[in-house]
Amino acid sequence: MHRLGLAALALALALPAAARAEEPPHYSFDPRPPGKVFTSRLVYLGGEAMHSEWRAVVSKAMVSPVATQGYLSIYALNGTVYHLKYRSPKSAIPFGSGATFDWASLTSGNLMGTAAAQQLVVITHVPATTDTECGRARLDILFFDAAMQSVMPTLSLRNKVALTARVIHDAAGTALSVRGPYYKPGNHRCRADMLNATAILRFNNGTWSESPDYFPIVKGD
């Protein structure tokens, strides 16, 4: 009886971990991401229950002999096939028509406090094209709206040169730590006022806040 009790306890402890969906060993995309894949990430936009896997893919394709186009493709898994649910530049965030990147990253976390659902954080960098430009960085957070059954952007940031981000957990909950050079309002130069500034993004009562306000929140594209 003692051994059976221990076995039952071990099974009970294992069940929550097993409830998290895992990808099948072999899967395909319908349709495939355009061009060459730069980076991809498994993300649980609809929660971590079984069969709720999503995958985000950033890719780049030549659209002319001298120009490339960046793409963000977000897929939901059905069986062993990922079906397309969101694609930019058809949707403006993060790439408009003709927009590209030289570097991109993806991360995810339960930033909006919606059960076990995660949000996708996309950071892209565009290099300077002239000696007077600094290059540009943007950060976009996307989520799955269960009522609309649609992937939507919820927040965007812009900055010169660079941005990085990581999910953090503290006494106030889960948040996003964003780091990059800080430029005071009115600074049109490439020289930053602070080289390594860090701001914390939080979602509370349906609203995003940033502290300190180093990287202004942009609404829309």
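The values are calculated or read from the model by the stated rules, or taken from the named source; none is laboratory data. Note that the structure is predicted; figures quoted are calculated from it, not measured. Cβ coordinates were reconstructed from backbone atoms using ideal geometry, including for glycine residues, and neighbour counts include every protein chain displayed.
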**Complete:** Taking region 140-165 and keeping only residues that are small (Gly, Ala, Ser) and touching a strand residue (DSSP E or B) at 6+ places or on another chain (Cβ under 9 Å), one is left with 150, 156, 162, 165
**Message:** Please verify whether residue 198 is in contact with a strand residue (DSSP E or B) (Cβ under 6 Å, 6 or more places away or on another chain), closer than 27 Å to residue 84 by Cα and of a type in the set (S, T, N, Q), treating the condition exactly as stated.
**Reply:** no
**Request:** Mind counting the residues in region 73-90 that are over 20 Å from residue 118 (Cα atoms) and part of a strand (DSSP E or B)?
**Result:** 1
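Considering only residues of region 44-88 that are loosely packed, with under 15 Cβ neighbours inside 10 Å and aliphatic (A, V, I, L, M), which is nearest to residue 32 (Cα to Cα)?
Looking at the filtered set, the residue picked out is 81.
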**Request:** With respect to residue 125, determine if the residue is at pLDDT 90 or above and surrounded by 14 or more Cβ atoms within 10 Å (Cβ to Cβ).
**Result:** yes
**Asked** Restricting attention to region 97-145, which residues are in contact with an Asp or Glu (Cβ under 8 Å, 6 or more places away or on another chain) and without any contact (Cβ under 8 Å) to a residue 40 or more places away in the chain?
**Response** 125, 126, 127
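Sort through 70, 46 and tell me the only one that's in a loop (DSSP other than H, G, I, E, B) and modelled with pLDDT of 85 or more.
When all the criteria are applied, what remains is 46.
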**Prompt:** Which one of these does residue 139 not meet: (1) modelled with pLDDT of 95 or more; (2) among the hydrophobic types (A, V, I, L, M, F, W, C); (3) more than 17 Å from residue 199 (Cβ to Cβ)?
**Reply:** (3)
**Request:** Answer yes if at least one residue in region 187-198 is of a type in the set (A, V, I, L, M, F, W, C) and within 21 Å of the chain's Cα centre (by Cα), and no otherwise.
**Result:** yes
**Message:** Suppose we keep only residues that are within 13 Å of the chain's Cα centre (by Cα) and in a loop (DSSP other than H, G, I, E, B) within region 91-111. Which one would you say is surrounded by the fewest Cβ atoms within 10 Å (Cβ to Cβ)?
**Reply:** 110
